[in-house]
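The values are calculated or read from the model by the stated rules, or taken from the named source; none is laboratory data. Everything quoted here is computed from the prediction, not taken from an experiment. All Cβ positions, glycine included, derive from the backbone under ideal geometry; neighbour counts span all protein chains shown. Please note that ligands, DNA and RNA were not included when accessible areas were found on the heavy atoms of the full protein model with its side chains. Shrake-Rupley method; radii C 1.70, N 1.55, O 1.52, S 1.80 Å.
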Amino acid sequence: MNTRNAYKIRARKAAASRASAPTGRHATAPVGLGISPSAAATPDTDTPAALFPHPACSTLPSQSCRHPLTDGNANARLAHCEEFVKGKFDAIEPTLKTIAGLPYTNEFAERAQQVARQALEFDLPEQLLNDAWVVGPDMKALYAHCAFAALKASAAKFVDDLNRQVETVQDTRNFFLDCGFHAVDISPCADGRLKGLTRYILRLPLSSFTRRKAYAGALFDVETDVHHWEETELRRFREGVPTTADAGTRYLKIAVYHTSSSAPSEQGCAAHGSNENKAIQAAMERLTQFREAIENAFCCGASTDILLIGVDTDTDAIKVHVPDGNGDISQHRFIDNAELYKETLALSEDQARIKIYDTIISPNVKSPGWGSGQGEPHEGMRRLIANLLINNMSQIEYVGDLYGGRYPDIGHAERYISVGDGFEEVQMRNVAYYAHLHTLEEGVADMDVGIKIFTGLNAKRGLPIPVAIHYRYDARVPGSRERSIAKAERVRDAINARYDDLVAKGLLHCHLSVQDRPTGSPIETVGEDA
Ligand SMILES: [Zn+2]
């Protein structure tokens, strides 16, 4: 299949629908990619696009711009992947409605199975269908089963995508090394809207990062990261991997915060009360603490670099806080990629590249004096930043083509709650709400917020809240798998006890799975309520 053409058709259809739609709430809803009813129901699109001109392309939402440095083929592949994953979830409700309308005759189970296979490409549990003649089919249990099946199909799709990226991963690692980084450790906020960060927003292969872990508000644990740094450096000393200990390469730590340009005080980072300043300050503080911890404990030569990136979750455009010659970052010294996209739009490919490199040397300084730094970042850092900015320009265009420049679901439209380690392979925006926890007690605040969000998205409409409890284990460690299963069961029991009113009404279903540590390992279901 020619995915690029399919993408163009979808993008054209989306543009045509926008042009003919009346201005208002759903004026930017695309035709090309199905948006779930739950997404459309989220009351956060009261901000007409006209009030907020697109920061990168002035002809949006009606028409996309074409930048000389963007990659249309990659956009087509990613659109195909997004359509597959969101389509899997969005097909559930209409399919179950069809099944609910079937007569409960002797052929009910068989016909329901046929409908499911055709529309969803998986089977429904026989038991649930066979019991339907008593009081009708248990649609809540069927819904939960379908949501978990869609999740597994999506994870398999991403694993397949990862396996195809093996060479790109090596290329990217070599590129990091060429830039002088022997390890790149990234900590974004755990918000579901940043879940497409590596694959979509930064366009880097997931496994090219040495470490990646999301934390609420990007508030990563400094001690844990120092420990990761020690492991990395020990490996260089003992094995010379990926560079020998005497090579002058560095360890790069990146933190990623987020904001919402159309509703900055409501749809920003929940962990920082949607306050952009607080989000930036908090991330900068952790980065600086990390660097100082290593300098204090390991003295000279233990060089680390830090980098801060912001994402506008409405448009996916990034801001890069450019370090100065000393490696220091400032809240006020950054490059806004939406602006840079606009400034370089009419240039040739070469001119655009030159302009990007020039901007990195003299980034926009918001307040004179405040953001000025001591000299330019080192050459490797400049190359890395240029690469990130250029990659992100493709994503700005992607959101322009498929969504008129701004996602219609600027708020919550997640499909399931992910508890535990999360499905790191599923790299897509707004598919899951994350509650990283090993015991319910430690993550109870996150979990309560998730349940509240899903009460609005699902339970109010009589649909159950799918909770996917997932833990990774290390097959090299004896007993690790069994301990992970026991942990998943413990967390499930605690969740069922805390939200027993929802469970009693059939409005909360848990699915338990475990997975070996290496990225792309198979996901093993070890328990399902339905
Ligand atoms: Zn956040």
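Observations, loosely collected:
- Dipole in debye (nearest 20) - segment 412-530, about Cα centre, beta carbon charges: Lys, Arg +1; Asp, Glu -1: 220 debye
- Helical mean residue ellipticity (222 nm; -39500 (n - 2.57) per DSSP H run of 4+; nearest 500) of the chain: -14500 deg cm²/dmol
- Across the chain, the longest run free of exposed loop sites, meaning trypsin sites (Lys or Arg not before Pro) lying outside DSSP classes H, G, I, E and B with no more than 13 other Cβ atoms within 10 Å, spans 67-365.
- Restraint check, 86/452; 460/487; 319/452, Cα-Cα greater than 25 Å: 460/487; 319/452
- About the Cα centre, charge dipole magnitude for segment 177-403 (Lys/Arg +1, Asp/Glu -1 at Cβ), debye: 260 debye
- Evaluated over the Cα positions of the chain, the convex hull gives a direction-averaged projected area, one quarter of its surface, of 25.6 nm².
- Total formal charge among the other residues, if their Cβ is under 9 angstrom from that of residue 523, Lys/Arg +1 and Asp/Glu -1: -1
- Length-normalised contact order for segment 325-418 - Cα pairs under 8 Å, 6+ apart - percent: 33 percent
- About its Cα centre, the dipole of the chain is roughly 1140 debye, where the only charges are +1 on Lys and Arg Cβ and -1 on Asp and Glu Cβ.
- Probe 1.4 Å, accessible area per residue of the chain, Å²: 43 Å²
- Sequence-distant contacts, meaning Cα pairs under 8 Å at least 6 residues apart, place the relative contact order of segment 177-403 at 20 percent.
- Kirkwood Rh and Cα Rg combined as Rg over Rh, evaluated for segment 418-530: 0.97
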